[in-house]
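Derivation of every value follows stated rules applied to the coordinates shown; laboratory data play no part. What you are looking at is a predicted structure, and each value in this text was computed from that prediction instead of being measured. A quick note on method: Cβ atoms are made from the backbone with ideal geometry, for glycine too, and the neighbour counts reach across all protein chains shown.
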Amino acid sequence: MKQGGARAYPRYKLFLPLELQSIETISDNMTYPPLRFKTVTRNISLGGVLIELGKDMNGLKNDWKPEWFKERFFWLHIMGIPSMPDGMYTKAKVVRFVDKDENSNPLIAMEFKDLLKRVMNDLKDFLDSLSKFE
């Protein structure tokens, strides 16, 4: 379950329901459509999440382009954490877009931004509880 390496926080392979909504900013040189869709996490840590951009995501059309995600901010609503019955709400920035080959879907790595201390503590407790099952 736990994935590691030389990372700031250990990652846990978990498939939690997730809803993303782009945070729109005014920019003279970029015009990307607003995005709002549902998917699941591939893994999660105290620092962020990794998600797969599959073809069957609820709300994301099949004609999306990789540049719509790169360096963009989103509101996240992550469900399935027992200590947060209404879900975890936070802002995150796409920090990495990994385009895959024709046999697998692209991945986006998102870093949590401005995570409330209470939310971080609840998330930490939840992830620590997963370590007991390794």
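For the pair residue 32 and residue 84, a Förster radius of 35 Å applied to the C-beta separation gives a FRET efficiency near 0.70, rounded to the nearest 0.05. Here the residues 72, 36, ranked from fewest to most Cβ neighbours within 10 Å of their Cβ, fall in the order 36, 72. Rounded, prolate or oblate: pick one for the range 9-89, where a ≥ b ≥ c are the square roots of the eigenvalues of its C-alpha gyration tensor, a/c under 1.5 means rounded, and failing that, prolate if a/b is larger than b/c, else oblate. It is prolate, given that a/c is not under 1.5 and a/b is the larger ratio. Put simply, when 10-21, 80-91 are sorted by average Cβ atoms within 10 angstrom per residue, most first, you get 10-21, 80-91. Each residue, residue 15 and residue 68, gets one label point 7 Å from its Cα in the Cβ direction; the gap between the two is 2.4 nm. Each of 95, 33, 73 was scored by the projection of its Cα onto the charge dipole of the range 2-131, and the greatest displacement toward the positive side belongs to 95; charges sit on the C-beta of Lys, Arg, Asp and Glu.
Taken one residue at a time, the phi angles of the range 85-93 give Karplus couplings (6.51, -1.76, 1.60, θ = phi - 60°) of x, 8, x, 9, 10, 7, 9, 8, 10 Hz. Gly and Pro are set to x. Using only side-chain charges placed at the Cβ, +1 for Lys and Arg and -1 for Asp and Glu, the dipole size of the range 2-131 relative to its Cα centre rounds to 300 debye. Provide the gained length on full extension for the span residue 131 to residue 93, in nm with one decimal, where the gain is 0.36 nm per separating residue minus the Cα-Cα distance. Full-extension gain reported as 11.0 nm.
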